[in-house]
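Each remark here refers to the structure printed beneath this line.
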Amino acid sequence: MEDRVVSNLMVVSPQRQQAVDRLENDEFDLLVLGGGIVGAGVARDAALRGLRVGLIEQHDFASGTSSRSSHLLHGGLRYLAQGFLRLVHEASQEKRVLHRIAPHLAEPLAFIFPTRPGWQWARWKLSVGVKLYDLLCGRRNLGKSSWMGRSKLFEMLPGLRRDGVTGAVRYYDGLTNDSRLVLDTLRSADQAGATLANYVRFIDARREGSRWRCQATCEITGHDMTVSAAQVVNATGPWSDKIPHSHTDLRLTKGVHLVIDRERLPLPDAVVLTEGSRILFAIPWGQRVILGTTDTDYAGPLNAPTTDSNDVRYILDIVNDAFPEADLDENDLISTWAGLRPLVADRNGNPSDISRRHEIAMAEPGWWDVTGGKLTTYRLMAEQTVDRVFGFFGRTSPPCQTARQTLLDSAQTNGYSAILPPAVSEKTVEHYCRNEWVVHLDDLMVRRTYWHHYQPDRKDICRQVAPWVAKALGWDEATMTTELKNHLESMAGGG
Ligand SMILES: Cc1cc2nc3c(=O)[nH]c(=O)nc-3n(C[C@H](O)[C@H](O)[C@H](O)COP(=O)(O)OP(=O)(O)OC[C@H]3O[C@@H](n4cnc5c(N)ncnc54)[C@H](O)[C@@H]3O)c2cc1C
């Protein structure tokens, strides 16, 4: 099949054209709406259990909340203090499952949680809490929690404000790479036979007999299509209550992260920072540190939420209070990102107090809304969703394989950790362009590689790699110039 040129701007690859053709012509058991971690997880699980699966994503895969997280696989120590024991137990188990099925995407990460008298997080409560946290992992957390006296604490964190500090607890969670987790899950779904297309937007659907006929539009060509599926899973995260037929009710909250150079805050482990009942993290990320996050109600546009000066001030004030000598300011920021939590609606109370539980509900016959949850619990959400899909078919489901079967085999991951961005090279660019559904320069710079958030010289890097992308994707000069311009403009907008 020949590459198809769409206006002057884009070339549609044969692989993409095949996926779009299949979406139009095949009869699917299941159509998944949304290519974030939940949609990717559902597609993989359903395909591995033998269903004919299609998945459409309106923008790039992982471009919603799933590339805007804190990169943690965690049970959620703070949810323990809030009494959400079941949630912590589930997430803790999943943390270990992901460590098993995707070792290249789950590194143990130690957290130091300093204690001060009079804080809501009293020392005894924390010491008991972290032991319970280990137990909820089935006694085998990614590392064993411990108590640390003042001298050891200041040896590890010499820049930490000393007054009132009584010591610290040290406990373990996991560090991941959120958008890579989505992409590798999609690669696995693809290998299991799922038909996947980014830049295809769901518009509406109607039920005809026992099937759903779903209208969608290709955002690259403008081509309208109809996809036929027996069941539909609405996994559109923050968008899910805007989707026709959805019965979900969300409360959206925004969370912002800042990235600084690790030399400005040299941390050996992650550090927990507190503000009243809220906790924030300083998370070592290779040569950088991720600081965050905020948690504020949000009613703005869903596409590309932005970081504002209040968000930045709020986080920097808390970090500077804990590490006064760091004296961080706006000039230290390498990048920022902002994401929206699609929380199951609970209109009362503080955003931080709302449970991160998930919900799977049948809104209409064969139409499932899957909402809430966390990156850490996506696999479980997917398993429970696919169980219910089989239940609706009235068929006995083959056993779910996703808790045992590795995400990708070691030949595909080369045995390397994928937590940090890859080195900048033409080979890397070519690989992502050819094998991972890259359509725009943003897709490569932000979600395939994270160079956009990690590299201080990201402007130079995008100019360096644009010709490589152009070569791999068959762009002409005009397309490359437009792509570069769009990408640089999105940087200026704080994206
Ligand atoms: C600031 C922040 C920090 C977080 N940190 C963590 C953490 O460290 N660990 C953790 O476990 N969890 C964390 N979470 C939670 C976690 O990131 C989310 O629960 C998860 O990413 C949600 O995934 P999703 O697939 O439901 O939504 P999304 O990733 O938003 O995916 C939904 C997709 O649907 C697509 N879509 C929407 N409308 C349509 C349409 N009409 N047609 C086709 N596609 C459509 C969107 O473009 C989007 O890509 C964090 C969340 C936030 C906001």
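The values are calculated or read from the model by the stated rules, or taken from the named source; none is laboratory data. Keep in mind that this is a model prediction, so the values were computed, not measured. Cβ sites come from the backbone with ideal geometry, for glycine too, and all protein chains shown count toward neighbours.
The table below lists the values:
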read-out: Any pair with Cβ under 7 angstrom, 6 or more apart, that starts in the stretch 373-397 at a residue that is more than 18 Å from ARG86 (Cα to Cα) and ends at one that is assigned to a loop (DSSP other than H, G, I, E, B) and basic (Lys, Arg); value: VAL386/ARG49; SER397/ARG49
read-out: Failed item in (1) part of a loop (DSSP other than H, G, I, E, B); (2) more than 21 Å from the chain's Cα centre (by Cα), with VAL439 passing the rest; value: (2)
read-out: Qualifying residue in the stretch 278-286 (condition: surrounded by fewer than 16 Cβ atoms within 10 Å (Cβ to Cβ), over 24 Å from ALA168 (Cα atoms) and at pLDDT 95 or above); value: no
read-out: ALA338 being hydrophobic (A, V, I, L, M, F, W, C), more than 11 Å from the ligand (Cβ to nearest atom) and not in a helix (DSSP H, G or I); value: no
read-out: Criterion (more than 14 Å from the ligand (Cβ to nearest atom) and free of Cβ contacts under 8 Å to residues at least 24 places away in the same chain) met by exactly one of ASP249, ASP317, ASP261; value: ASP317
read-out: PRO305 in a loop (DSSP other than H, G, I, E, B) and in contact with a Leu (Cβ under 9 Å, 6 or more places away or on another chain); value: yes
read-out: Failed item, numbered, when SER240 is tested on (1) more than 27 Å from PRO108 (Cα to Cα); (2) surrounded by fewer than 21 Cβ atoms within 10 Å (Cβ to Cβ); (3) hydroxyl-bearing (Ser, Thr, Tyr); value: (2)
read-out: Residue match in the stretch 276-296 (condition: more than 30 Å from THR115 (Cβ to Cβ), in contact (Cβ under 8 Å) with a residue 12 or more places away in the chain and not in a loop (DSSP other than H, G, I, E, B)); value: no
read-out: Enumerated strands (runs of 3 or more DSSP E) restricted to the stretch 134-234, each holding at least 2 residues that are among the aliphatic types (A, V, I, L, M) and modelled with pLDDT of 95 or more; value: 167-175, 195-197, 200-208, 224-234
read-out: Residue ID - nearest to the chain's Cα centre (by Cα), chosen from residues in the stretch 166-204 that are free of Cβ contacts under 8 Å to residues at least 60 places away in the same chain and crowded, with 24+ Cβ neighbours inside 10 Å; value: VAL169
read-out: Any chance ALA466 is closer than 19 Å to LEU186 by Cβ and in contact with a Leu (Cβ under 8 Å, 6 or more places away or on another chain); value: no
read-out: Residue count, the stretch 355-390 (criterion: within 15 Å of the ligand (Cβ to nearest atom), acidic (Asp, Glu) and closer than 12 Å to VAL232 by Cα); value: 1
read-out: Count of the stretch 248-275 residues which are over 22 Å from PRO342 (Cβ atoms), in a strand (DSSP E or B) and touching a strand residue (DSSP E or B) at 6+ places or on another chain (Cβ under 7 Å); value: 8
read-out: Selected residue (criterion: surrounded by the most Cβ atoms within 10 Å (Cβ to Cβ)) from residues of the stretch 476-493 that are over 14 Å from MET445 (Cα atoms) and either small (Gly, Ala, Ser) or modelled with pLDDT under 95 (or both); value: ALA478
read-out: Positions within the stretch 169-202 being of a type in the set (D, E, K, R), within 15 Å of the ligand (Cβ to nearest atom) and touching a strand residue (DSSP E or B) at 6+ places or on another chain (Cβ under 8 Å), in sequence order; value: ASP173, ARG201
read-out: Evaluation of GLY39 against (1) buried (at least 22 other Cβ atoms within 10 Å of the Cβ); (2) touching a helix residue (DSSP H, G or I) at 6+ places or on another chain (Cβ under 8 Å); (3) under 22 Å from LEU408 (Cβ atoms) (one fails), failing number; value: (2)
read-out: So GLN58, is it polar (S, T, N, Q), outside any helix (DSSP H, G or I) and either closer than 30 Å to GLN18 by Cβ or within 9 Å of the ligand (Cβ to nearest atom) (or both); value: yes
